[in-house]
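None of the figures in this text is laboratory data; all of them are computed from the coordinates on show. Not measured: the values here are computed from a predicted model. All Cβ positions, even for glycine, are placed from backbone atoms using ideal geometry, and neighbour counts span all protein chains on display.
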Amino acid sequence: RMQSSAASVKDHVLDIEVAGEAYYRKLAKESPAPLDDIFNRLADEEHQHHDTLERAFAGGDIPVLPTSDIVDRMHTIVANIENAHAVPRTDGMKSLLEVYAAARDMEARNRDHYLRLAEAEVNPETRRLWEFLASEEDKHYMALDEMVRFVLSTDVWFQGMAR
């Protein structure tokens, strides 16, 4: 059961997940296919984290969440794009890079926040929840880092083609 000092951070951590979901839904609308799929998936996972936290804060047992496969999905999408030689191009490739880097940095901040909560937590079940959420945010970080590297490499590729 979720018991401990966790109640003092309730609104903050719920806000983190709501903001993450809204941010990723917005990015999904702005990103070229198939990269939009990754952002929709990230939004779905943030929504799932929010629902889990709400149930835990409501006094129920801490539910077990499925672990994210976001990194594997990102690898598959990048491999499919590269194999098809069909790199999604937008006029704002540099701005896409900045957006992906900002999202990656947000995930790092959220991961670190959950790790700090875990370190300070005395209740073992609640500590495991914070550690799990930190692990999930780290997977989001890795997927977004791959997007950053992908955009950087395709931008180099496009610059080479323009010569």
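Computed extension length for Asp15-Glu98: 27.6 nm, one decimal, from 0.36 nm per residue of separation with the Cα-Cα distance subtracted. Between Glu119 and Glu54, the modelled label-to-label distance comes to 3.1 nm, taking each label 7 Å out from Cα in the direction of the beta carbon.
By the count of neighbouring beta-carbon atoms within 10 Å, fewest first, Leu117, Leu152 end up ordered Leu152, Leu117.
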